[in-house]
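A short worksheet on the structure shown next.
What follows draws every value from the coordinates through simple rules; no lab data is involved. From a predicted model like this one, the values you see are computed outputs, not experimental measurements. When we count neighbours, we look across all protein chains shown, and the Cβ atoms used for this are built from the backbone with ideal geometry, even at glycine.
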Amino acid sequence: MTRLGAVLAIVLAIPSSPVVLTASVVPAATAASFAAVVPVPVSAVPAAGVTYQITSATTVYAEPGSATAQAVATFLATQLRRSTGYALPVADAPSSTPGDGISLLLSGAPATVGPEGYQLTVAANTVAIRALQPAGLFRGLQTLRQLLPPEADATTVQAGPWPVPGGTIVDYPRFAYRGMMLDVARHFFPVATVQRLIDQIALYKINTLHLHLSDDQGWRIAIDSWPNLAAYGGSTAVGGDPGGSYTKADYQAIVAYAAARYITVVPEIDMPGHTNAALASYAQLNCNGVAPKLYTGTSVGFSSLCVPLELTYTFVDDVIRELSAITPGPYAHIGGDEAASTPAADYTYFMNRAQNIVAAHGKTAIGWHDIVKSDELPSTVAQFWGTTSSDSNVAAAAANGTKVLMSPANLAYLDMKYVRKTKLGQTWAGLIEVDKAYSWNPGAYLTGVGEASVLGVEGPLWTETIRTAADIDYMAFPRLPALAELGWSPWSTHNWTAFAGRLGAQGPRWKVMGVNYYHSPKITWPTGS
Ligand code: TNX
């Protein structure tokens, strides 16, 4: 259907609606295109001349009898009600054949889409997202969002119209784990800031949010059996900025908000190094029985839990037990990086015990790749954060079956400056412009760590220099979408020029969403975005 035809169709369908009549004379919101979706889908075939229009008569249908499909449908309707002003009722789909409207169905998707994939078909009268699992419906919805004009992501009513380009997409991820890490220890971020970030990353099919909950400068999660950790250890942040910590209810609110967007939270308690805040909170955790002062600087490698002390393991067990009880996801991250103050033999002994404590509480351990120096449990995931493309210890672990999460600091770190003059961030792993962030193959980057050994990718945002939600935006966008595409899209689609075009198309949407992104000169951003 042409745009004029579509507008006429709306007017004919609901002649009494003044809002729609107005829409027909207001300059159209820019239609998005199949060529603008990030991450690029596995397969996208546009149907020339076909457009679906969301109108005041549109219904959002969900798989009958599926509360989860209904919840995903409500998620879509809630957002679109805000921006379109339409009623957009949610109803059970009348049959497995979609009627007029947008249908979210748990039938009819090809088996190849797996647990997170989907098939999206856009015809003149219907949009159908079909998936095997609700997670696939949610991911498909993010593609649908990107096919709508950017104004669809506004929080206030916009003029429309609301065209969706016609065609068929079949799409599923390359890697199971596509994450971002937020360091809430160096600076503390309130629940609302974390939830805002969750909304932003969901749009790029990120499925994991790793929270770095403890470090030398602050302890950010309430632990009932060790209340001083949050009460005292959480009172500081880098540079004397305000501290803070999450109550268990706060943390659960973040977890639930993420879960509603099919994002798993991975909590990290970094140990045995990066523990000054804990050591300052409890004198008895220190080998000499003396609590150090709270710390607000940015050095690393000076603190260590007391490995020979049995109370250390009571502490670790209590913390992991309480945290695991409020974490529905499969993982607990136990850090293990930069333990420069822990003797090598102690490090191995400690990390072995810590991994077993994690297992005893029903979780799978993730550690920074330094953990491969200990005797790993076969299930433990090593998060690679090095700056070179070969690491013999990590390669040996991979050969033994260890899965590796790829976060090479010189490519995936979201706290590195883009260019020398970037005000925020650090430079120790180099400068990372968006083309560099896109320039590597996670499944073939690290010598001896092939595709089958790679669990996925994660972009860590350390926050020594990051203090506000706007700062988070600036460092994550546009690099996080680049990483998201490396994690989701088949390597055969990898093409900087094409990606740069797709990425530029996100600018107007970020503008509407209020994302304070870095206007990289490597990208042609549409005027006004
Ligand atoms: C290294 S990367 C760290 C963090 C810092 C970061 C700053 C890693 C596992 N440890 O403690 O925040 O550099 O870029």
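Counting neighbouring Cβ atoms within 10 Å and putting the fewest first, the residues L486, L144 line up as L144, L486.
Relative contact order of the chain, taken over Cα pairs closer than 8 Å and 6 or more residues apart, is 13 percent.
First select every other residue whose beta carbon is under 15 angstrom from the beta carbon of Q158; then total the charges, Lys and Arg +1, Asp and Glu -1.
That sum, taken over residues with Cβ under 15 Å, equals +3.
Please say if the chain is rounded, prolate or oblate, where rounded means a/c under 1.5 for a ≥ b ≥ c the square roots of the C-alpha gyration tensor eigenvalues, and otherwise the choice is prolate for a/b larger than b/c and oblate otherwise? Taking the square roots of the gyration eigenvalues as a ≥ b ≥ c, the chain is prolate.
What does the charge count near A339 come to, summing +1 for each Lys or Arg and -1 for each Asp or Glu among other residues with Cβ under 9 Å from its Cβ?
Net charge around A339: -4.
Neighbour counts of other Cβ atoms within 10 Å put T497, T59, T208 in the fewest-to-most order T497, T59, T208.
Think of the chain as having a plus end and a minus end, set by charges on the Cβ of Lys, Arg, Asp and Glu; of G49, Y445, A412, G49 sits farthest toward the positive end of this dipole. Neighbours of K522 by Cβ distance under 10 Å: Lys/Arg scored +1, Asp/Glu scored -1, total -1.
Go through the stretch 423-485 and name the trypsin sites (Lys or Arg not before Pro) that are in a DSSP coil and have 14 or fewer other Cβ atoms within 10 Å of their Cβ.
Passing sites in the stretch 423-485 are K423.
Shape class for the stretch 319-437, computed from the alpha carbon gyration tensor (a ≥ b ≥ c): prolate, with a/c not under 1.5 and a/b above b/c.
A cut-off of 5 Å between modelled amide H atoms, ignoring neighbours fewer than 5 places along the same chain, links G166 with A47, V50, T51, Y52.
As a proxy for reagent exposure, C306, C287 were ordered by neighbouring Cβ count within 10 angstrom, fewest first; the result is C287, C306. Note on the stretch 177-491: antiparallel DSSP beta bridges, both residues inside, total approximately 5 percent of the bridges counted. Basic side chains Lys and Arg get +1 at the Cβ, acidic Asp and Glu get -1 at the Cβ, and with that the dipole of the chain about its Cα centre reaches some 1420 debye.
Whole Å is fine, so just give me how far the alpha carbon centre of the stretch 406-429 lies from that of the stretch 129-208. Taking the Cα centre of each part, the stretch 406-429 and the stretch 129-208 sit 24 Å apart.
In terms of its C-alpha gyration tensor, the stretch 324-363 has a prolate overall shape, because the principal axis ratio a/c (a ≥ b ≥ c, square roots of the eigenvalues) is not below 1.5 and a/b outweighs b/c.
Helical runs (DSSP H, four residues minimum) scored at -39500 (n - 2.57) apiece and divided by the length of the chain put the mean residue ellipticity at 222 nm at -9500 deg cm²/dmol. Taking the centroid of alpha carbons for each part, the stretch 445-497 and the stretch 296-358 are 26 Å apart. Looking at the chain, the DSSP beta bridges with both ends there are about 30 percent antiparallel.
Among the lysines, select those whose C-alpha is under 20 Å from the C-alpha of K205, and discard any that sit fewer than 8 residues away in the same chain. Cross-link targets: K511. Using modelled backbone amide H atoms (1.01 Å from N, in-plane), which distant-in-sequence or interchain residues come within less than 5 Å of T264's amide H? Counting only residues 5 or more places away or on other chains, the set is T208, L209.
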